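All remarks here apply to the structure that follows.
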Amino acid sequence: MADEIRLAFAHPSERALATAGDDPRDRISLRDHIVEAEIGAFQAERGTTQRLRFNVVVEVIPFTGTLEDDVDRILSYDRVTEAIAHELAAERLNLLETLAERIAERILLEPQALRAFVRIEKLDRGPGALGVEIVRTQRDYGEHLDDLAGEIARERPHPRVVYISNEAMAQDALSDWIDALAARRAPVIFCVGAPDLPAPQTGHKMTQRRVDLLAIEQNGWMLAARDHRCKVVATRTELDWAMKNGQICVWAPSKIVLDATQGPKGQMRDSVALAAWFAGEMEACELVVIGETLPEPSNIPQRAVKPGDAIFSD
């Protein structure tokens with residue numbers, strides 16, 4: 001009995017371990033994550049914020065392949081903190097139980113997630129912590145998860161993908177273009193081509209593909225050096241985080257291109273076509289091409305900007 005009482009108040013990670021079945025499970029955890037929010041059914045809780053402490057454990061399917069230190073192959077901790085932030089921002093709630101339920105549901109949308117332990121505590125309602133803890137699996141939500149998945153897909157940001165030529169990159173107007181892009185609602189992802197230098201030739205198709213992609217990435221770092229707001233990003237996980245947090249990105253293409261099941265056609269040296277493929281993958285709101293001709297038409301709106309022109313006409 002004493003052990004059962006101890007487990008009832010133990011951290012969710014211990015509870016997950018104690019209630020595990022025979023199948024192996026990996027776990028990720030978020031401990032003592034404190035956020036201020038307005039929540040509560042009592043009148044005294046309205047119009048004021050209070051501290052909430054979140055402890056979350058997610059049991060995930062063990063990864064059986066080679067991780068290769070690749071963030072896109074695991075369930076990122078950001079998905080947990082994003083679920084908390086999203087549900088707190090969605091509407092004011094009266095009950096911690098409702099908040100915990102919605103957070104667990106959003107986490108369990110992730111394909112790797114099997115079971116979620118969500119503990120939320122109010123820290124400012126008395127001398128101790130007042131809280132609730134729930135345990136949920138994907139089966140608990142059934143078809144409702146499909147409805148939520150559709151809602152999240154509609155919430156997904158649609159970035160503005162901006163291809164910039166080497167000539168345009170060297171312009172003094174670069175900072176003004178970035179100012180104008182940052183002032184718009186859509187997240188910004190820059191794409192570049194290879195530097196204006198002879199590229200090494202390997203004489204082999206697959207190795208040449210890698211060399212050409214790496215040359216583009218080198219040029220991406222040159223763009224990042226021109227303006228500190230531009231961060232070179234290679235993974236889809238970090239791109240998703242950057243778009244949600246207002247970070248301007250420069251796409252380093254190697255990883256996403258090489259991981260794609262239906263990658264871009266043609267040579268990597270056709271960097272405008274590569275940018276157009278990437279814009280399609282990201283469901284961009286538009287592709288802006290500065291200093292080069294537009295690629296073949298696609299389902300993504302396209303427009304060209306001359307190096308000396310403003311990026312927006314209004």
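Determine which single condition residue 290 fails, assuming it passes every other condition in (1) within 30 Å of residue 204 (Cβ to Cβ); (2) β-branched (Val, Ile, Thr); (3) in contact with a Ser or Thr (Cβ under 7 Å, 6 or more places away or on another chain).
(1)
Hey, could you check region 63-109 for residues that are among the hydroxyl-bearing types (Ser, Thr, Tyr) and assigned to a loop (DSSP other than H, G, I, E, B) and say which is surrounded by the fewest Cβ atoms within 10 Å (Cβ to Cβ)?
My answer is 64.
If you check 187, 157, which single one turns out to be at pLDDT 90 or above, closer than 25 Å to residue 294 by Cβ and not hydrophobic (A, V, I, L, M, F, W, C)?
Unique residue meeting the criteria: 187.
Before we move on, is residue 300 surrounded by fewer than 22 Cβ atoms within 10 Å (Cβ to Cβ) and more than 26 Å from residue 172 (Cα to Cα)?
Yes, satisfied.
Does at least one position in region 46-62 carry a residue that is acidic (Asp, Glu) and surrounded by fewer than 18 Cβ atoms within 10 Å (Cβ to Cβ)?
no
Would region 114-122 turn up any residue that is at negative phi, part of a strand (DSSP E or B), of a type outside the set (Lys, Arg) and free of Cβ contacts under 8 Å to residues at least 60 places away in the same chain?
No, the conditions are met nowhere in region 114-122.
Can you tell me how many residues within region 249-295 are modelled with pLDDT under 90 and outside any helix (DSSP H, G or I)?
11
Conditions tested, residue by residue: (1) among the basic types (Lys, Arg); (2) at pLDDT 85 or above; (3) in the same structural domain as residue 100 (by TED's automatic domain parsing); (4) more than 26 Å from the chain's Cα centre (by Cα).
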{"site": "9", "(1), (2), (3), (4)": "no, no, yes, yes"}
{"site": "20", "(1), (2), (3), (4)": "no, no, yes, yes"}
{"site": "28", "(1), (2), (3), (4)": "no, yes, yes, no"}
{"site": "31", "(1), (2), (3), (4)": "yes, yes, yes, no"}
{"site": "46", "(1), (2), (3), (4)": "yes, yes, yes, yes"}
{"site": "49", "(1), (2), (3), (4)": "no, yes, yes, yes"}
{"site": "55", "(1), (2), (3), (4)": "no, yes, yes, no"}
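The values are calculated or read from the model by the stated rules, or taken from the named source; none is laboratory data. On a predicted model such as this, the values are computed, not experimentally measured, just so you know. A quick note on method: Cβ atoms are made from the backbone with ideal geometry, for glycine too, and the neighbour counts reach across all protein chains shown.
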